[in-house]
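Peer 1: So that we are looking at the same thing, I have put the structure below in structure tokens.
Values in this text are rule-based calculations from the coordinates and carry no lab data. All of these numbers come straight from a predicted model, not from anything done at the bench. Cβ atoms come from the backbone with ideal geometry, glycine included; neighbour counts cover every protein chain shown.
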Amino acid sequence: MNILPKSQYEKIFNGSQITTQHIKLVLEEAGISSIIRDDGQSALRGGFGVAHTNDVTLLVNKKDVLKAKHIVTSTLEKIETEKISDQDLEALSQQNDPVISMTKPAQKKETYRRSPFNLFINVALIIYSAWRLSPLLKGETLSTLRIVASSGIIIFCTWTVISHFSQKKA
């Protein structure tokens, strides 16, 4: 059953995704436009496909069917006759592919720079937390929470101010 009974496209090949993509590229080089129909992928994307085959269909315009079938036949014969040996595959896998191994140009690492207002707030918090702990110098007792919180603020804010000034300027 054909979904589109009066379609301008005709099926010329049914096979694996990789082989179908290769044939599509060969057809495009010959000037023939084609469409790949993957019913399994469509079913999965629709949410109701669970088990499907890996076969996909290649469709071409009806006016190009004869030429396309000839190209498909010759391409499949070429694929069959040019089987690559295991040693050649191993050698190819050891080669560096320039497309894969190409690295991005070195980019400057962006460093976070604190604003002067942020530095002012950090220094103010250090001074305020030290003032909150000053009764300890006179021998007075303070709550443990006050000591832990103020000490934590002093340590954190001191660390941020020191790290700000120790970073190399870009």
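Peer 1: Assigning unit charges at the beta carbon (Lys, Arg +1; Asp, Glu -1) and nothing else, what dipole magnitude in debye, to the nearest 20, does the stretch 9-83 show about its Cα centre? Spell out each step's value before the answer.
Peer 2: Values: 10 positive and 10 negative charges, 41 e Å.
For this selection, approximately 200 debye.
Peer 1: Using 5 Å bins from zero, what percent of all Cα-Cα pairs in the stretch 116-166 falls into each bin?
Peer 2: 4, 21, 27, 21, 13, 8, 4, 1
Peer 1: Test of understanding: express the Cα radius of gyration of the stretch 9-83 as a ratio to 2.2 N^0.38 Å, with N the residue count.
Peer 2: 1.17
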